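The values are calculated or read from the model by the stated rules, or taken from the named source; none is laboratory data. Here the structure is a predicted model, which is why all the values come from computation and not from measurement. Cβ sites come from the backbone with ideal geometry, for glycine too, and all protein chains shown count toward neighbours.
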Amino acid sequence: MRIRPAKKQDVAQILALLNSAKELKTSKEAVFDADYVASYLNNPMNVALVCEEGSKIIGVLTAEIWDDKSYAFINDIVVAGGLRQKGVGSSLYRNFEALCKSRNLRKINFLVQTTNEAMLRWSQKQGFSKGHSFFFYEKNLEPPA
């Protein structure tokens, strides 16, 4: 198992992982597309770390780093279905936290669905404390097909 920064050639595998996570779907459609992932990797404000075994990506962590505000926001942590609860997400997170500390950031934030019991437990295990609850709102700007 190896953790490394994501590369352009990882787009397809990252996309498959992101779209495989039912916890990331806010509506019925797939949330991510290849253009989104590629542009994410090209934005210097973003960080994407992957965990791979051999040539297969088995986990990904995506985040935004706000150096001017001294915090990071984790967008997604996804581990391949059969490999969850085997330390992949924790390894990705430890690498990300070390990166944040090296940049002298003060906080790391992220959101978790209140129904995602596994991620809620994982968050507390990593030393995060629960903040306020929020409602997620979505408005589709595309006309119905």
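Somewhere in the stretch 45-67, is a residue part of a helix (DSSP H, G or I) and either surrounded by fewer than 17 Cβ atoms within 10 Å (Cβ to Cβ) or not acidic (Asp, Glu) (or both)? Don't jump to the end; show me each part of the working.
Initial filter on the stretch 45-67 (part of a helix (DSSP H, G or I)): 67.
Restricting the remaining residues to those that are either surrounded by fewer than 17 Cβ atoms within 10 Å (Cβ to Cβ) or not acidic (Asp, Glu) (or both) gives 67.
So far as the stretch 45-67 goes, yes, one or more of its residues are part of a helix (DSSP H, G or I) and either surrounded by fewer than 17 Cβ atoms within 10 Å (Cβ to Cβ) or not acidic (Asp, Glu) (or both).
Restricting the stretch 122-140 to residues that are hydrophobic (A, V, I, L, M, F, W, C) and touching a strand residue (DSSP E or B) at 6+ places or on another chain (Cβ under 9 Å), the residue that is farthest from Val88 (Cα to Cα) is Phe128.
Which one is surrounded by the fewest Cβ atoms within 10 Å (Cβ to Cβ) among residues in the stretch 70-100 that are aromatic (Phe, Trp, Tyr) and assigned to a helix (DSSP H, G or I)? Applying the filter and picking the extreme gives Phe96. Listed by first and then second residue, the pairs linking a residue in the stretch 33-45 that is under 20 Å from Asp68 (Cβ atoms) and at pLDDT below 90 to a residue that is of a type in the set (S, T, N, Q) and outside any helix (DSSP H, G or I), with Cβ atoms under 8 Å apart and 6 or more places separating them unless they lie on different chains, are Tyr40/Asn46; Tyr40/Thr62. If the condition is being assigned to a strand (DSSP E or B) and either surrounded by 14 or more Cβ atoms within 10 Å (Cβ to Cβ) or modelled with pLDDT of 95 or more (or both), then the stretch 108-125 contributes Ile108, Phe110.
Taken across the stretch 126-134, residues that are touching a Cys at 6+ places or on another chain (Cβ under 9 Å), surrounded by fewer than 16 Cβ atoms within 10 Å (Cβ to Cβ) and under 12 Å from Ile74 (Cβ atoms) do not occur at all.
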